[in-house]
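The values are calculated or read from the model by the stated rules, or taken from the named source; none is laboratory data. All figures in this text were calculated on a predicted structure; none of them were measured in a lab. Don't worry about glycine lacking a Cβ; one is built from the backbone with ideal geometry, like all the others, and counts go over all protein chains shown.
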Amino acid sequence: MNRQETHGKVKQVKGRVKEVVGIVTGNVALEREGSRQRAAGAAQETLGKARRKVDELVTEVTKAIKK
């Protein structure tokens, strides 16, 4: 897991907490902010996974070429 994936997961957790607090307190703005933050975290995590996969693929191709 790379840094971008980790930051994405953290954003998702923070967003979920804000969302729940917003629901419990009736604060619609906080609920929406949490929802947006959670979605941004999911996108960031997905991008991090994609970058990791590309890096792994490049490493494998490089090793295959060296053989």
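Per-structure values
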| item | result |
| --- | --- |
| Selected residue (only one of Ala50, Ala64, Ala29 is in contact with a helix residue (DSSP H, G or I) (Cβ under 8 Å, 6 or more places away or on another chain) and not charged (D, E, K, R)) | Ala29 |
| Odd one out for Gly15 among (1) touching a helix residue (DSSP H, G or I) at 6+ places or on another chain (Cβ under 8 Å); (2) at pLDDT below 95 | (2) |
| Some residue of region 33-44 being exposed (fewer than 14 other Cβ atoms within 10 Å of the Cβ) and either among the hydroxyl-bearing types (Ser, Thr, Tyr) or not in a helix (DSSP H, G or I) (or both) | no |
| Residues within region 45-67 that are surrounded by fewer than 13 Cβ atoms within 10 Å (Cβ to Cβ) and part of a helix (DSSP H, G or I), tallied | 15 |
| Residue in region 36-52 that is among the polar types (S, T, N, Q), free of Cβ contacts under 8 Å to residues at least 60 places away in the same chain and closer than 18 Å to Met1 by Cβ present | yes |
